[in-house]
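J.: Got a structure for you, questions after.
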């Protein structure tokens, strides 16, 4: 049958007639109705049958599965509970930045973030199975020797430029030599801040206890203790020190980064049972972490925007901190043997451990991105 334009005219016929073999075209060149044709409005005519309905559903299901596989659906993400030793420190803001920019999600990781008031509390949470991984300090490796069920899985940052020792601006302390016999607040006993003060005392020739330490908790608590003259000085992060300087309340006497060149201020820890059950989650977290560090180096404005909110300081101070502290971050996660040796010797010299530990039993590099290439 010819249409008005000389082309074959498709005729829509009832389904029953089609089943009986009625031809679509008249004449000698007859063929039966095709499965896909055109209806009278120019749209597709699809012969609906139970088999075709099943086929459609199969196509839809396959499309959904393909979509989930391509975008890394949230249902496929691995949940990782991660703790920060100090919530507001710049050192730990990569966790917030990686979450907010979607970098961890890109690696199939869903982060549950927890903030603690010091290294000891972080290690307690790891031991209690309250978190899976922790952002802590280098000196915390001693907790493993004492029975903490964790392993250092990456060197996170090196020289301790993050931390400062500040005093009351109008007080009597003006130089390191003035700290002998004085009381300095730290976050927790056995923490990084505690270690730094004791080693500063040792370096001055006063022994590890020539300067007294008082565990107080967060920077906010330490600053409050300083303002009420309960202590002679406190170890706080650089952002808080700059803010207090701007307010005219304190002055910086010690920048610990200038005293410890070969060092690991921060290490990423993972609970051993979590490593055994979820090694791919550990790998994925570290891949996301080091991609975040690279993002921070290339995107100062976004980093300052997020970190200023996390630290509770102005963008101007956050920008200053960014410039001084970004070089501190380790880009690969690999350990510096000299830094591990500094820590190993210090544990005995400061009375933390009775004998020097085998550091190879406390850390590993097998989950780093470079180890999987």
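J.: Among 334-346, 209-221, how do they line up by average Cβ neighbours within 10 Å per residue, starting with the highest?
T.: 209-221, 334-346
J.: Another one. Any chance you could check the Cα centroid distance between segment 101-158 and segment 200-223 for me, in angstrom?
T.: 24
J.: Also: If you average the alpha carbon positions of segment 271-304 and of segment 232-263, how far apart do those two centres end up, in angstrom?
T.: What the calculation gives is 28 Å, centre to centre.
J.: Ranked highest first by average number of other Cβ atoms within 10 Å, how do 145-151, 193-199, 316-322 line up?
T.: Per-residue Cβ counts within 10 Å, averaged per peptide and sorted highest first, yield 193-199, 316-322, 145-151.
J.: By counting other Cβ atoms within 10 Å of each Cβ, how are 282, 253, 304 ranked from fewest to most? Write out the running numbers ahead of the final one.
T.: Values: 282 26, 253 16, 304 21.
Going from sparsest to densest Cβ surroundings: 253, 304, 282.
J.: Here's something else I'd like to know. Take peptides 165-174, 88-97 and line them up by average Cβ neighbours within 10 Å, highest first, as a rough protection proxy. Don't jump to the answer; show the numbers that get you there.
T.: Details: 165-174: 15.9, 88-97: 24.1.
Final packing ranking: 88-97, 165-174.
J.: How much of the DSSP bridge set in segment 163-258 is antiparallel, in percent, rounded to the nearest 5?
T.: Working: 9 of 15 bridges.
Within segment 163-258, antiparallel bridges account for around 60 percent of the total.
Here, each number is a calculation from the coordinates, and none is a lab measurement. Owing to the predicted nature of the structure, the values given are computational and were not obtained by experimental measurement. Using ideal geometry, Cβ is built from the backbone for each residue, glycine included, and neighbour counts are taken over all protein chains shown.
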